[in-house]
Amino acid sequence: MRPVPIAEIMTREPVALTPRSTVARALRVLEEVEIRHLPIVDRAGVLVGIVSQRDLLAAARAGETRRLLAGLMRPDVVAVTPDAPAHEAAYLMLHHRIGCIPVVDRSGRLVGIATDADFVRVAYSALGGRVPVDQLELEEKEAASV
């Protein structure tokens, strides 16, 4: 069995902001797109950091909604390239206790992101899940809106 590259399970074209974006803007984006991790990129799209929902909420509670992400982001990002085996990306997430791993091309540009939810989708299918994951997500959203 060949290793599955992370490119096959990652989310492509992830939402990202720049270091000059504010905490308030980042929180709005997270809420609109329903994500928990936000890659930070420079003008060329090169990954320069990452910020989590937890970090943003803590900053907001401290009254720092105008704070720039440059001062909040974690610059020491663990990332992989699209050809990295998915099991190695999963190992890095477990080892570093992180909920996502950005995927960058050889020049460091952000091309995707794999989250714990992406790996749960793979596990769901591998363990015999029969209802398409997209259908489950649609049903969940419909139930939440009632």
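The values are calculated or read from the model by the stated rules, or taken from the named source; none is laboratory data. Model, not experiment: these values are computed from the prediction. FYI the Cβ positions are ideal-geometry reconstructions off the backbone, even for glycines, and counts take in every protein chain you see.
Worth pointing out:
- Among (1) of a type in the set (Gly, Ala, Ser); (2) closer than 17 Å to Ile35 by Cβ; (3) in contact with a helix residue (DSSP H, G or I) (Cβ under 9 Å, 6 or more places away or on another chain); (4) at pLDDT below 95, the one test that Ala117 misses: (3)
- If you go through the stretch 12-37 and keep only what is on the phi < 0 side of the Ramachandran plot and free of Cβ contacts under 8 Å to residues at least 12 places away in the same chain, you end up with Arg25, Arg28, Glu31, Glu32.
- Scanning the stretch 98-120 for residues that are assigned to a helix (DSSP H, G or I), surrounded by fewer than 17 Cβ atoms within 10 Å (Cβ to Cβ) and touching a residue at least 12 places away in the same chain (Cβ under 8 Å) returns a single hit, Asp116.
- Unique residue being aliphatic (A, V, I, L, M), part of a helix (DSSP H, G or I), farther than 23 Å from Met93 by Cα and in contact (Cβ under 8 Å) with a residue 12 or more places away in the chain when the list is Ala44, Ala59: Ala59
- For Leu92, the conditions (1) without any contact (Cβ under 8 Å) to a residue 40 or more places away in the chain; (2) within 22 Å of Val29 (Cβ to Cβ) are fulfilled apart from (2).
- Subset of the stretch 20-78 [aliphatic (A, V, I, L, M), exposed (fewer than 14 other Cβ atoms within 10 Å of the Cβ) and under 13 Å from the mean Cα position of the chain (by Cα)]: Val33
- Residues of the stretch 1-17 that are surrounded by 15 or more Cβ atoms within 10 Å (Cβ to Cβ) and not hydrophobic (A, V, I, L, M, F, W, C): Pro5, Thr11, Pro14.
- Test: residue in the stretch 136-145 that is under 19 Å from the mean Cα position of the chain (by Cα), at pLDDT below 95 and hydrophobic (A, V, I, L, M, F, W, C): no
- Screening the candidates Val80, Val122 for the property of being hydrophobic (A, V, I, L, M, F, W, C), within 24 Å of Leu30 (Cβ to Cβ), at pLDDT below 95 and in contact with a helix residue (DSSP H, G or I) (Cβ under 8 Å, 6 or more places away or on another chain) yields one hit, Val122.
- For the stretch 62-79, the set of residues classified as touching a residue at least 24 places away in the same chain (Cβ under 8 Å) and assigned to a helix (DSSP H, G or I) consists of Leu69, Ala70, listed by residue number.
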